[in-house]
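The values are calculated or read from the model by the stated rules, or taken from the named source; none is laboratory data. Computed from a predicted model, the values in this text were never measured in an experiment. Virtual Cβ from ideal backbone geometry, glycine too; neighbours counted across all protein chains shown.
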Amino acid sequence: MRFAYLLYYSLLNVIPQINDKLGTCFILDVQWRNDKFRNAMAHYKLGVALKSKELLHDDIMFGLTEHILRAEYMVVKEAIYVQLEKLAIQIGKHLGLKEDLVVPKGW
């Protein structure tokens, strides 16, 4: 999820520039954009975002997604992957590729 989120976050800044330069209209939902969460993902800094009493030890992200994004880990992870897949399909269509070549079955 770390890599996927960092890719998603970076693309949020790049997509508008690509659209301006190429005249495309690629869309990526900004719902999950959060600087604090990005910084925690990029720098492994849970302590910046969570105090020790806020940690959820039974959660894979120790409660980070719930604390910052107000959603469970799996909800955020699936939403990020869906956004990246939708963007891949948009780019593939722009390039004239078949969808099954852009997003492999079982992705």
Would you mind stating whether V48 is part of a loop (DSSP other than H, G, I, E, B) and either surrounded by fewer than 16 Cβ atoms within 10 Å (Cβ to Cβ) or at pLDDT below 95 (or both)? no
Out of segment 61-92, which residues are more than 13 Å from the chain's Cα centre (by Cα), part of a helix (DSSP H, G or I) and more than 23 Å from F26 (Cβ to Cβ)? L64, E66, H67, I68
Going by what's in this entry, would V14 be described as surrounded by fewer than 14 Cβ atoms within 10 Å (Cβ to Cβ) and modelled with pLDDT of 85 or more? yes
Cβ pairs under 7 Å, 6+ apart, first in segment 20-38 and assigned to a helix (DSSP H, G or I), second among the hydroxyl-bearing types (S, T, Y): R38/Y9
